[in-house]
Amino acid sequence: MLLTICIILLFLFVMLGMDIAYAIGMAALAYIAASQFDGRPVNPVLFTKTISSGVDSYALLAIPMYVLAGELMTKAGVTRRLIDFAASLVAHRPGGLANVGITSNLFMAGISGSAVADAAATGSILIPEMKRRGYAARYAAGVISASAAMAPIIPPSILFILLASIANLSVGELFIAGILPGIVMYIGLIGVSGFIARRYDIPREPKASWEERKRAMRAGILPLGAPLIIIVTKVFGIATPTEAASIVVLYTLIIGVAVYRDMTLTGFFQAAMTAAMTTAILMMTVAFSQIFGQIAVLAGLGRTVQSWLLGISDNPYVLFMIINLLLLVLGTFLDALPLMLILSPIFFPLMTSLGVDPIHFGLVMVFNLVLGMVTPPVGLNLFVMARISGIGIMDVFRGGLPFYCVLWAALLLLTYVPWITLLLPTLLMR
């Protein structure tokens, strides 16, 4: 009963517009306070103890480094160079600037690891340009919103780092596992872009000359060394994910200061401040979500959910479908991070006991939660795109619906064809 009240309060706080970290913390405090009048009171010390222990993880040190690397790339003018590089490759193909948005987000995914950051960075440049070229605002915002969903799947992924810390998985294997699924997403999005362009006769851009392509490649190829560093250091065991993140920050600084020469001391401090604020918000959410997870364990939520699922079926394919639907629905109301922190201890033991590979299930779970970011009513990518494009959230959703359908189809494919996810980790790291 108390847990039900706690969950209702959480949803109420979120719907009232409270920040997700504070909503989770307030709901948890309400549970602890109410339990003092119950037969099994929760020691209030649990609140402060879990806050400190919840973020006391070496793996989590990688997060501020990757966030800082993404901010430094932005200050160094990397986004514009990557967009120009993408335009030289695909702007002349059916789809035009939509192709550029998808390809730019593929490149950015290997740098920032954040869907919202990629959507804001590429959208602020491409959406105004697409609108000037005659693209509908909702179509421009929709394609950027959908293509930014590749960021948490392609390494480095902040959600993968958090999931590895929660479920005791290998960050390196999760990173490698995301490469082929990311390519599947990219191929599907580009395919839909070309289909829509042919059907509605969307104009293409002039084909870049070889000289223009070489110039764009020279300017944009260096930032793509960041994901290469991450992959190589993990495959050959050169560095841990946290150490690799530090190397990427150093690499980014060298590019910005010595190569592009766009990085100033002021820009560095601004990037550091933004990264610190972003990390603080993430860690606060992690800490409060750990409290909520502890409360769920004490209340027996895990046993209840597992018994309910096994009462329906013990076939992992059936359970995959139920869990996918549940995560997709919950992801439309709550952020990916708290859901992952709360539900991972419930779903991972269940699915792994049925023979499901934990790396495969981890990728499917993250993919599900990412799709919640492009689904109303509380899709963060939709909010960002709506603000940049100047249209409503539902307009963004309708404009991107063909691309979201591709992402849902990709989720189904990756769920039931696990070798796509497990091929590279098996070949390179096992």
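A few points about this structure:
- Protection proxy ranking of 102-111, 194-203, 314-323 - average other beta-carbon atoms within 10 Å, highest first: 102-111, 314-323, 194-203
- Between the residues Leu343, Gln306, Ile20, the greatest Cα displacement towards the positive end of the dipole of the chain, with unit charges on the Cβ of Lys, Arg, Asp and Glu, is found for Ile20.
- Dipole magnitude (debye, nearest 20) for the chain, charges at Cβ of Lys, Arg, Asp, Glu: 1060
- The range 84-159 and the range 393-412: distance between their alpha carbon centers, rounded to Å: 14
- Per residue, the chain exposes an accessible area of 42 Å² to a 1.4 Å probe, with every protein chain left in place.
- Only Lys, Arg, Asp and Glu carry charge here, each on its Cβ (+1 for the first two, -1 for the last two); on that basis the range 121-209 has a dipole of about 500 debye about its Cα centre.
- Cross-link reach is defined here as a Cα-Cα straight distance under 23 Å, omitting same-chain residues fewer than 8 places apart; for Lys234 none of the lysines meet it.
- Placing R0 at 30 angstrom, the Cβ-Cβ distance between Ser353 and Leu401 gives a FRET efficiency of 0.20 after rounding to 0.05.
- Relative to the current alpha-carbon distance between Ala280 and Met321, full extension at 0.36 nm per residue lengthens the span by 11.3 nm.
- Packing-based ranking, highest mean first, of 235-247, 5-17, 342-354, 168-180 given that Cβ atoms within 10 Å are counted: 168-180, 342-354, 235-247, 5-17
- Note on the range 86-223: Cα Rg divided by 2.2 N^0.38 Å, N the number of residues, gives 1.11.
- Full extension of the chain between Phe195 and Thr48 yields a length gain of 47.5 nm, computed as 0.36 nm times the residue separation minus the alpha carbon distance.
- Here the chain has 68 percent of its accessible surface on carbon and sulfur atoms, given a 1.4 Å probe and all protein chains in place.
- Label-point separation in nm, Thr264 to Asp19, each point 7 Å along Cα→Cβ: 2.9
- Bins of 20 Å from zero: percent of alpha-carbon pairs in the chain: 26, 58, 16, 1
- Accessible surface ranking that places the most exposed of Ser35, Ser52 first, with a 1.4 angstrom probe: Ser52, Ser35
- Separation between Cα centres of the range 348-373 and the range 285-309, rounded to whole Å: 17
The values are calculated or read from the model by the stated rules, or taken from the named source; none is laboratory data. Just so it is clear, the structure is predicted and the values come from calculations on it, not from any experiment. Every residue, glycine as well, gets a Cβ built from its backbone with ideal geometry; the counts of neighbours run over all protein chains shown. Quick note on the areas: whole protein, heavy atoms, side chains included, nothing else; ligands and nucleic acids left out. Shrake-Rupley method; radii C 1.70, N 1.55, O 1.52, S 1.80 Å.
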